[in-house]
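First comes the structure, then the notes that go with it.
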Amino acid sequence: MKRRAVLAIGLAVAAGLAAAQPANYRFDPSHSFVHFEVMHFGTATLRGRFGPLDGLAALDMRAGTGQVSLSVPTQAVSTGLAVLDSRLRQDDLLASTAHPQAYFVAERFVFEGQALREVRGEFTLRGISRPLTLRAQRFACGTHPVVQRPWCGGDFEAELLRSDYGLTFGLPLVADRVRLLVQVEAIQDP
């Protein structure tokens, strides 16, 4: 029993130190997706998702800095309707054949004390890059309960205008403004 208490304290200290020092994390594909919402014909919200996501993040909680490089597979769009997914992949929308990946890269992390509030970077879709800010709804780090390594995760949201990326088909019947909900979990590289 005493040994378990010492082990638990050691793991807690290790997790705290990992969060306090610069660390590199790899996104967990089974827990990292981008969900989207767009108003459809002024009546209901069309929802879907992309993923799993692939990428890396570096985080230094003590310095309040970080970097993210995230890849979003445009061919992996899923709305629950195969015919709509196929339509979204076409050249006048996602152009998934010519641009199979969208990218988010960021080097500006905004902290309020130890709480991550925003990640500011650049989003590239269809070869067009625009600034994008992901606002943290929640974010936390600790020790992963299964692999026993430092682990961070959170939920973020953002909005973009699809016309900024050349996705104008269906305007104005399908809204220009798209809400993004990003869920990520990342485990520290060994």
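The values are calculated or read from the model by the stated rules, or taken from the named source; none is laboratory data. The structure presented is a predicted model; accordingly, all values stated were derived computationally and were not measured. For neighbour counting, all protein chains shown are included, and Cβ atoms are generated from backbone atoms with ideal geometry for every residue, glycine included. Quick note on the areas: whole protein, heavy atoms, side chains included, nothing else; ligands and nucleic acids left out. Shrake-Rupley method; radii C 1.70, N 1.55, O 1.52, S 1.80 Å.
Quick notes on this structure:
- Computed [θ] at 222 nm, helices only, for the chain once each DSSP H run of length n ≥ 4 contributes -39500 (n - 2.57): -4500 deg cm²/dmol
- Among 83, 146, 178: highest mean-square fluctuation, GNM of the chain, C-alpha pairs under 10 Å: 146
- Under Karplus coefficients 6.51, -1.76 and 1.60, residue-wise ³J(HN,Hα) of the range 130-146 in Hz, glycine/proline x: 9, x, 8, 10, 9, 9, 6, 7, 7, 7, 8, 10, x, 9, 4, x, 9
- Accessible area (Å², 1.4 Å probe, nearest 10) - residue 129: 50 Å²
- Of the residues 70, 56, 81, the one that moves most in a GNM of the chain with alpha-carbon contacts below 10 Å is 81.
- Accessible area of the range 100-190 divided out per residue, in Å², using a probe of 1.4 angstrom: 53 Å²
- Approximating the spin labels as points 7 Å out from Cα along Cα→Cβ, the residue 107-to-residue 168 distance works out to 3.3 nm.
- Angle between the chain longest axis and helix 2-20 axis [Cα atoms, degrees, rounded to 10]: 50 degrees
- Computed over the range 90-150, the Cα gyration tensor eigenvalues convert (square root of 5λ each) into semi-axes of 30, 18, 9 Å, ordered from largest to smallest.
- Whole-percent carbon and sulfur share, accessible surface of the range 71-190, 1.4 Å: 54 percent
- For the chain, the spherically averaged projection of the C-alpha convex hull amounts to 12.3 nm².
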